[in-house]
Structures are given as C-alpha cells and as structure tokens.
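> Below is the structure I would like to discuss, written out as structure tokens.
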Amino acid sequence: MKIVRIPVVSLLLLLLISSFSHAADPATQKWWRGNIHGHSFHSDGNHFPEMVAKNYKDLGYQFISITDHNCLQDKPRHRPVNKVPASAVTTCKEAFGDIPTTEDGKNYILRTLPEIKKLVEEPGKFLLVSGQEINKKQYDKQIHANFLGGIAPLEPPKGDSAYNAFEKIIEVTQKQMEGSEKPSFLMLNHPYWPKYDIPAEWIASLLGFKHFEMLNISRGCKSTGDATHPSLERCWDAINVIRMVKHKAPPIFATATDDCHRYLPEDDKNRLPGRGWICVKSDTLSQDALLTAMDRGDYYTSNGVELTCVAYSPKEKTLRVVAKPMEGAKMWIEFVGTLKKDIKEDEPLLKWNLGDRPATKFSEKIGQVLKKVDGNEATYKLTGDELYVRAVVRSDQPTRLKVPDTPPNKTAWTQPFGWRK
Ligand SMILES: [Zn+2]
Ligand SMILES: [Zn+2]
C-alpha cells in the first residue's frame, strides 16, 4: 500500500510544482517580434520587397507584414529601371542574385508574395504575413487601416462621411473573411497623421477595430501629442473607458509599428527599420497562430524594452510582468488603469457625440498610475475596482533610433487586463 501511495503523492506534488513553475517561469513564454506596417516598391517604399524582409530578418525580427498601399504583393508589378536607386539594385543583387527584368530591359519585375516567401522564410525563424494598407483621403481626413490575413486586395471603400469610410472598411474586411476559417487582423492607423485627423471618440465607437496604431514611429504621426492634444497613450485609456462603460465592449489593443518606407544605406538612419514593434505570444510561428494570438490581445508593444513574461491570473487577480534587464539603465514599471468608482455617468467623455472635435483633456483619473515599482519585474494585485489594468515598463535609456514626437526612451506596453468576465 505504502509503496503505491508514495509515488502517487510524489507525482501529484511534482505536477503541482511544475504547474506553479510553468506559470511563474518566463522561459515558458514564447514571443515573436514583428513589424506589421511597412512599404516596398509595390507601393511607395524605396526597396524591393524581398530586401524589406531581409532588412527585418537581419535585425532579429521573426515576422513582418509588408503592407503596401491598396495592394497585396499579388502581381509581378513593374518598376522602371531608371527610377530604381543604384544602391537598391546592388544590395538586392548581393543578397538574392539577378533581379528579373522585362524583355526590353526597361523594367524590373517585382516579386510576388509567394516568390518573396521562398527567398526569405525559414520555418520557426522568419515568416511573412500577408497584409495591405487600405487608405484614401476622404472629406479632408486621411482614412488608413492595415488589414492582415486578407485573401485578396481591397480597394478603399467610399464613405458618406470620413467616419463612415472607417465603418465601410470594417464591413468590407469582415465580408471578405465571411465563411473563411482563417484569422485576420484589422488596425486603425496613425490617427494623428497628418493634422490630428482622427479623434479618440471615433476610435472608441468604431468597435470593429480591435487594434489601433498607438505608436506609428515615423515622421509626422505625433504620437506624443502637443499642448492641446493628449498623447495617443492617454487617448488609449479614454478610448477604453468609452468602449467599456458606454458601449459595454472590450478595450482596444494598441500597437507600435515602423510604417517604414526607407531601407537604403544612404537614407537617414533614423528612418530605417527597427523603431517600434509588437511581440506576439504564441507557441508556433505561423500566420494563423500569430493572427489568432493577436486577436486575443496576446501581444505587447515596444520601442526597445523586451518583456520575458506577461502573465495575468484570473484566479489570483494578478498581473505579473518581467522585463529583460538592460545594462546601465534605470527601469521601472507602472501599472496604469481606471477605477470604476472614478467614472460617473456625467463623465464628459461618455457624452461625446460623433462629429464633434473631442475634449482635449481627460480627467486625471482616466489612466492613472495605480502602482509604481522600481526594477524590471513587478506584480499588481487587482482589488476588483479596476475597469482594466495595463503595465508599462519604462526606462531612462534613449531609443536606438530617434524620431521626433514619439516616446524618446525605451519602453514596453502590455495590453489591458482584468476586464474579461
Ligand atoms: Zn498610412
Ligand atoms: Zn503606411
């Protein structure tokens, strides 16, 4: 009897210990780093698409989506030879050999997505996710959205108003995926480009957008706002309060991207790849696995800080975050959230009407720092009064590349937690 019981107890104990260590051990979380917004010769980027992919692969990314304007890399488009910079030709030939040209030698034939995949993809190491930027200026506003996982290119739909143009984008993208088992990803892009075009209240009401580009780290996207426009990080909290309280909907997830157009050795180095990215938590590196994880919000956003663990326990009501230490840097973690008791029905935010320009200031109680911890790891225990909590790992170390009007120091942002019923 004894002989039998001991191993069973030990086994249970072992299982218990291993399940604890599984939850606490950051090594068990697999993260894939990717850029989900960038352009190539198929639209207005300044390099061949295979070289766009190579640039990111060389930087240590595991996936990218080349989101050219209103097209997928679905056709062998032509690029006049005399309009291609010499350095683009040299670097592409060095990496991939001859570039196909038309018979008369006047045009380069651009490679399509399946051809580019053959050149750069490596199982478990590097992946291309199909994607496009659907964009058009309508009613004096720039209406731009990134659609990943789509099966065919989409023309930007015409709206009855600028707001309606976004609603139409939601409609056409959902329609395309109807009946398909495949996951997809729709993001509202750079709301502040070029002239604070898209107000936070629009994003809050456009519930078909589960993601928005909080940090488009390219020029002119003004993510840190100005004296009369709150930063897009502040807007994020306001959007979440409106979504959750007024629309009884989940919060929105926030991304960072490069929106890269420049890849050549002679370009301003601060416009090259590697400014803002997301890291997706998934066991495998495949388009379906990544897009499914992103749909759940299983990713964090960064311009330089690497997280090894983001763990929310619904049972314990704790959010635990661990970042990789950075040599010589001071790091600290802020848990940012909004408390239910601070949001009354007369909160001006909840009374915003579409079409109005938004209030430019939100109550300090929206998106306040609920707890601050020095160092690279911390846990927050929810009291039950939080609408949501998100963690921001900040540092005093400047980002590798410098872009005006974006956060200057290396930082990572988790998505909001504690809101799922
Ligand atoms: Zn755009
Ligand atoms: Zn773009």
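> Place a point 7 Å from the Cα of His78 along the Cα-to-Cβ direction; which residues of the stretch 93-128 have their backbone N under 20 Å from it?
In the stretch 93-128, the label zone of His78 (backbone N under 20 Å from the point 7 Å along Cα→Cβ) covers 99-113.
> Based on the Cβ-Cβ distance of Lys340 and Thr112, what FRET efficiency does E = 1/(1 + (r/R0)^6) give at R0 = 45 Å, to the nearest 0.05?
So the FRET efficiency works out to roughly 0.30.
> Take Thr308 and Glu266, extend 7 Å from each Cα along the Cα→Cβ direction, and tell me the distance between the two endpoints in nm.
The answer from the label model is 4.4 nm.
> Give me the lysines in straight-line cross-link reach of Lys141: C-alpha distance below 26 Å, same-chain residues under 8 apart excluded.
List returned: Lys158, Lys168, Lys175, Lys195, Lys210, Lys222, Lys246, Lys351, Lys361.
> Return the whole-Å distance between the Cα centroid of the stretch 158-193 and the Cα centroid of the stretch 238-263.
The stretch 158-193 and the stretch 238-263 have Cα centres separated by 14 Å.
> Still on this structure, please answer the following. Quick one: among Gln287, Gln62, Gln138, which has the greatest mean-square fluctuation in a GNM of the chain with alpha-carbon springs under 10 angstrom?
In the Gaussian network model the winner is Gln138.
> Could you grab the relative contact order for the chain? Cα pairs under 8 Å, six or more apart, rounded to a whole percent.
Relative contact order comes out at 15 percent.
> So, in nm, how far is label Asp140 from label Thr90 when the simple model puts each one 7 Å beyond its Cα toward the Cβ?
Using points 7 Å along Cα→Cβ, the separation is 4.7 nm.
> Once phi is turned into ³J(HN,Hα) by the Karplus curve 6.51 cos²θ - 1.76 cosθ + 1.60 with θ = phi - 60°, what whole-Hz value does each residue of the stretch 100-105 show in order, with x for glycine and proline?
Each residue's phi maps through the Karplus curve to give x, 10, 6, 4, 6, x Hz.
> Still on this structure, please answer the following. How far, in degrees from 0 to 90, does helix 287-296 lean away from the longest principal axis of the Cα atoms of the chain, to the nearest 10?
For helix 287-296, the angle is close to 50 degrees.
> Then there's this: If packing is taken as the average count of other Cβ atoms within 10 Å, what order do 102-109, 129-136, 328-335, 35-42 fall into, highest mean first?
35-42, 129-136, 328-335, 102-109
> Applying the Karplus parametrisation 6.51 cos²θ - 1.76 cosθ + 1.60 with θ = phi - 60° to the phi angles of the stretch 191-198, what ³J(HN,Hα) value in whole Hz is obtained for each residue in order, glycine and proline being reported as x?
Once θ is set to phi - 60°, the couplings for the stretch 191-198 become x, 8, 9, x, 10, 6, 5, 10 Hz.
> Starting from the amide H of Tyr312, placed 1.01 Å from N in the peptide plane, find each other amide H under 5 Å away whose residue is 5 or more places distant or on another chain.
Residues meeting the criterion, in which the H sits 1.01 Å from N, are Arg320.
> Taking the chain as the reference, fit the longest principal axis to its C-alpha atoms, fit the long axis of helix 232-241 to the helix C-alpha atoms, and give the angle between the two in degrees, 0 to 90, nearest 10.
Around 50 degrees separate the two axes.
> Treating the angle as unsigned and between 0 and 90°, give the value, to the nearest 10°, between the Cα long axis of helix 49-58 and the longest Cα principal axis of the chain.
With both axes taken from Cα atoms, the answer is about 40 degrees.
> Quick one: which residues, 5+ away or cross-chain, put their amide H under 5 Å from the amide H of Met331? H built at 1.01 Å from N.
Here the answer is Gly375, since their amide H atoms fall under 5 Å of that of Met331.
> Can you give the calculated 222 nm mean residue ellipticity of the chain, where each DSSP H run of n ≥ 4 adds -39,500 (n - 2.57) and the sum is split over every residue, rounded to the nearest 500 deg cm²/dmol?
Computed ellipticity for the chain at 222 nm equals -7000 deg cm²/dmol.
> Ranked highest first by average number of other Cβ atoms within 10 Å, how do 154-163, 250-259, 77-86, 382-391 line up?
The densest-packed peptide leads the list: 250-259, 382-391, 154-163, 77-86.
Since every read-out is calculated from the coordinates, none of them should be taken as a lab result. Just so you know, these numbers come straight off a predicted model, no measurement behind them. Note that we place each Cβ from the backbone using ideal geometry, even for glycine, and neighbour counts take in every protein chain shown.
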